[in-house]
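Every number here is computed from the coordinates shown, using simple stated rules; none is lab data. Here the structure is a predicted model, which means the values were calculated and not measured. Counting neighbours? That spans all protein chains shown, and the Cβs are built from the backbone with ideal geometry, glycine included.
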Amino acid sequence: MPTFRIIAAAAVSLTVGSASIAQTPAPAQPQESEDGQLVVDVTGGQRAALPIAVPYMPTPAATDTAAGGTEALGRQVAQIVATDLGNSGLFTPIGPGGLPNVSFDQVQAPNYGAFSSTGAQNLVQGFVQANPNGSLTVGCYLYDVAAQNQLTRAGYVVQPRDWRRAAHRCADSIYSRLTGEGAYFDTRIVYVSETGPARRRVKRLAIMDYDGANHRFLTNGQYTVLTPRFAPDQRTIVFMTYQGNRQPRVMVYEVETGRVRPLVEQPHMTFAPRYSPDSSRIIFSMAINGNTDIYTIPVGGGTPTRLTNTAGIDTGGSFSPDGRRIVFESDRSGNQQLYVMNADGSNQRRISFGGGGYATPVWSPRGDLIAFTRTGSFQIGVMSPEGSGTRILTRGVYAEGPSWAPNGRAVMFTRGASQGQLWYVDVASGALRRVQTPLGGSDPAWSPLRSN
Amino acid sequence: MKMRMTSIAAIALALSLTAGCATRRAERPIDPPTETEVTPNDGLGNDGSQEGGPGSRADFLRSVPADRVFFELDSYSIDGEDRATLDAQAAWLQRYPNVRVTIEGHADERGTREYNLGLGDRRANAARDYLQSRGVSPDRMTVISWGKERPQNPASNEEAWAQNRRAVTVVPQ
């Protein structure tokens with residue numbers, strides 16, 4: 001009962017705490033954190049990663065929960081926080097193994113001296129506590145080791161099955177506090193799981209946490225599925241499927257009900273779907289008699305509005321975050337290049353001019369960059385919406401199909417032509433990371449931040 | 001113990017409970033349709049049993065120089081060799097006016113997935129348009145694009161790519 005009252009009381013402070021994170025401004029880059037410790041230079045490439053200590057998180061009382069004991073959970077949460085931060089390439093995590101033990105009483109009163117010798121500039125501490133109602137509270141604190149002060153703190157009450165989310169949210173709060181960027185660890189990936197020989201590849205829709213945990217299949221592989229995307233409001237997932245004798249077409253999957261319905265009624269192939277930022281419309285391509293053009297339609301259905309009208313293959317439409325413009329690819333010039341148009345299809349103008357071709361443009365959620373696949377060499381790159389500042393983010397291996405993290409700072413894509421793998425790159429640090437999947441993987445789509 | 005509870009209280013009070021009762025949306029698996037599919041299009045061309053009488057797939061394969069035509073990189077134009085192949089296919093189809101065919105359009109792996117869907121559609125339509133020009137009713141022909149999803153040859157070399165850039169006329173078994 002005392003704990004129950006604690007949670008109720010703590011809930012009162014919720015608005016203050018969350019506001020301090022939510023209102024963290026996202027200033028133009030390059031920018032420097034208030035502490036002057038980390039410079040995120042999005043266009044300039046790699047900078048030294050920030051050393052940050054993440055010791056194991058203690059528990060006030062060792063308790064068995066549906067997700068295991070709170071002592072073990074405290075170790076696992078610290079490991080996830082360290083891995084998340086390290087994955088961004090902007091931090092060099094120290095620990096949790098090999099660091100001094102942190103007692104529960106020290107969580108809010110760090111032994112700074114014990115960590116300054118590790119070279120860490122920042123320190124993450126926290127705890128895992130089982131609540132009488134079966135939920136878990138994960139506390140998360142960030143300290144400046146040299147200045148010996150607290151930079152941010154947050155607490156997350158979750159059901160035991162969601163314990164990893166609490167760890168990701170802790171890492172998100174630290175990432176945001178130290179970089180000034182939006183968060184992206186508490187997210188999921190919907191993608192196409194692949195198995196079998198190339199000629200008879202079985203492709204299933206699958207969903208998992210951004211780090212590969214909590215993996216599950218959404219379809220059984222009876223029908224080939226391609227190019228799933230999350231709705232920004234997370235209520236639906238849109239994808240393309242081959243089903244029986246029908247033309248392959250875009251389907252809308254309602255997450256809560258499990259219902260699947262075709263996006264359009266027309267008996268033509270539809271593909272390359274993407275949502276508008278407000279989740280109200282879907283932009284897609286439709287092929288009629290060998291000619292592909294771009295259309296939009298309300299998510300709930302209706303009459304498609306045609307936006308392009310050329311003899312070329314116009315596809316890969318992606319809205320700007322304000323919904324007013326669309327970037328797409330077209331081979332109307334002779335090979336695949338990127339174009340920008342107004343949301344009503346007017347004012348179409350080419351923005352890419354390099355050799356080899358450009359495809360699969362995706363507008364960053366921040367609006368500042370467009371990610372693309374460079375055809376020919378199959379590399380992932382970014383450019384400004386005006387077509388300037390082209391930068392290639394991958395090297396060597398065949399890559400295709402970028403998808404932005406919700407903070408617009410990381411891009412996930414398929415790597416490898418035959419047996420695909422999922423990789424992502426932090427645009428600021430250039431760090432490349434692989435997401436482990438049970439089978440091959442392709443067409444990843446990053447979800448919005450789940451806690452939004 | 002009392003001391004400990006007090007410190008928990010202090011910590012919890014200081015915390016910002018942002019996750020709380022975050023909504024949890026359980027994804028339900030997408031159920032496969034229950035309707036029976038008759039000879040579903042699987043992108044595998046005329047694979048399968050090669051036996052049958054007049055008007056069958058086997059008869060078609062015996063009667064024409066090839067069930068497919070090939071394309072240059074990023075092209076969908078029908079050349080002289082393709083015309084000879086399609087002329088023979090059209091002649092066979094005229095002999096068996098009740099046979100309906102599917103024309104599969106395919107691309108090699110060197111295009112992006114979505115573009116290749118459009119390219120496969122172009123190629124299948126190019127073959128269909130030619131067959132139509134040789135007297136085959138469009139009502140008897142369905143086109144479908146498989147993009148780069150069903151390579152004939154999974155290798156990554158010029159020979160394989162050339163085999164994969166194709167439009168295949170598929171006759172029911």
Using alpha carbons only, what's the Rg to Rh ratio of the protein assembly as shown with Rh from Kirkwood?
1.05
How many angstrom lie between the Cα centre of the stretch B:113-171 and the Cα centre of the stretch A:51-115?
56 Å
Rounded to whole Å and sorted largest first, list the principal axis extents of the Cα atoms in the stretch A:69-192.
42, 36, 24
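For chain A, what is the calculated [θ] at 222 nm in deg cm²/dmol (nearest 500), taking -39500 (n - 2.57) for each run of four or more DSSP H residues and dividing by its residue count? All intermediate terms of the calculation are to be shown ahead of the outcome.
Numbers: 5 runs with 60 residues, N = 452.
Value at 222 nm, helices only, nearest 500: -4000 deg cm²/dmol.
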Calculated diffusion of the stretch B:57-170, Stokes-Einstein form, Kirkwood radius summed over Cα pairs, 10 °C and 1.306 mPa s, µm²/s:
114 µm²/s
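In nm², what is the average projected area of the convex hull enclosing the Cα atoms of the stretch A:303-452?
Working: hull surface 40.9 nm².
The Cα convex hull of the stretch A:303-452, projected and averaged over all directions, gives 10.2 nm².
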Cβ-based charge dipole, the stretch B:32-173, positive-most Cα from B:S77, B:Y130, B:I103:
B:Y130
Overall form of the stretch A:276-360 per C-alpha gyration tensor (a/c, 1.5; a/b vs b/c)
oblate
Between the stretch A:258-320 and the stretch B:37-95, what is the C-alpha centre distance in whole Å?
31 Å
Magnitude of the Cβ-charge dipole (Lys and Arg +1, Asp and Glu -1) of chain A about the Cα centre, nearest 20 debye, reported as 1260 debye
Cα-based Rg and Dmax for the stretch A:329-379, where Dmax is the largest Cα-Cα distance (Å):
11.2, 33
